[in-house]
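To start, the structure itself, in structure tokens.
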Amino acid sequence: MRAPAPAQCVEPASATKEAEVAFAAIAAREGWREATLDRFCVEYGISDAQRRLRWPEGIRTIGWRLNELADATMLSHLKRSGPLPLSEVLHRRFRDNEPLRRSVRRLACSDAFHPLDTWVRTARTADLMWQCQDEPLSASDSRLRLRRWALVILYSGCVIVWLAERPGRGKALRAAIRLTIIALGAR
């Protein structure tokens with residue numbers, strides 16, 4: 001993705017999303033660190049006050065926002081095509097995020113130092129995945145909590161496989177998704 005021009009990143013209400021995607025592209029090369037965000041803000045003319053307003057927790061906030069963008073894409077697929085098998089929800093998630101793979105890899109390295117934050121963010125995505133699939137969990141399902149946390153763990157494993165596999169291959173990811181579906185008793 002191409003980074004927006006610096007002048008486009010000044011207004012928080014209109015350009016925060018674009019700035020976050022631009023930061024992700026830079027973080028893919030330089031690392032998902034506060035120092036990278038410092039340089040990004042200087043380059044794009046984002047003041048310290050604007051930075052604190054946009055990203056109160058720094059790079060952690062940007063990680064959450066990128067995850068929210070991916071979640072929104074997943075929900076838009078649901079609105080367009082209706083519920084899908086969980087396997088297709090997972091495959092689409094990885095396909096949609098392919099342009100951000102290098103940045104996600106760098107974010108994952110940062111996530112290793114913030115396990116609780118990462119767990120909560122992933123749990124939110126897992127909840128949305130259950131909503132998007134054609135056999136959603138209901139509150140009456142006695143295994144609801146177990147299946148939710150199992151998806152968090154198994155999806156995290158799929159992310160690791162996706163990050164480790166060379167782009168364009170997909171064989172290991174397909175196998176990881178297949179194992180996830182079997183383990184969850186989904187389709």
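Mind checking which residues of segment 6-32 are among the aliphatic types (A, V, I, L, M), modelled with pLDDT under 90 and either in a loop (DSSP other than H, G, I, E, B) or within 18 Å of the chain's Cα centre (by Cα) (or both)?
Val10
Matching residues to (1) more than 28 Å from Ala172 (Cα to Cα); (2) of a type in the set (Asp, Glu):
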site: Glu20; (1), (2): yes, yes
site: Ala49; (1), (2): yes, no
site: Asn67; (1), (2): no, no
site: Ser87; (1), (2): no, no
site: Arg92; (1), (2): no, no
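Quickly run through segment 165-178 and pick out the residues that are aliphatic (A, V, I, L, M) and either surrounded by 14 or more Cβ atoms within 10 Å (Cβ to Cβ) or under 19 Å from Asp96 (Cβ atoms) (or both).
Within segment 165-178, Ala172, Leu173, Ala176, Ile177 meet the criteria.
Suppose we filter segment 37-50 for residues that are buried (at least 18 other Cβ atoms within 10 Å of the Cβ) and free of Cβ contacts under 8 Å to residues at least 24 places away in the same chain; how many remain?
Within segment 37-50, residues that are buried (at least 18 other Cβ atoms within 10 Å of the Cβ) and free of Cβ contacts under 8 Å to residues at least 24 places away in the same chain number 2.
Filter segment 90-117 for residues that are of a type outside the set (Gly, Ala, Ser) and without any contact (Cβ under 8 Å) to a residue 40 or more places away in the chain; which is farthest from Arg178 (Cα to Cα)?
Only one residue fits best here, namely Phe113.
Report whether or not Ala35 is at pLDDT 95 or above, part of a helix (DSSP H, G or I) and among the aliphatic types (A, V, I, L, M).
Yes.
Anything in segment 63-89 that is of a type in the set (Ser, Thr, Tyr) and under 17 Å from Thr180 (Cβ atoms)? List them, or say none.
Ser87
Within segment 105-128, work out how many residues are more than 17 Å from Leu154 (Cα to Cα), crowded, with 19+ Cβ neighbours inside 10 Å and within 11 Å of the chain's Cα centre (by Cα).
Final tally of qualifying residues: 1.
Which ones in segment 94-119 are of a type in the set (Asp, Glu) and over 23 Å from Gly168 (Cα atoms)?
Asp111, Asp117
The values are calculated or read from the model by the stated rules, or taken from the named source; none is laboratory data. This is a predicted model, so every value here is computed, not measured. Methodologically, a virtual Cβ is constructed for each residue, glycine included, from the backbone with ideal geometry; neighbour enumeration extends over all protein chains shown.
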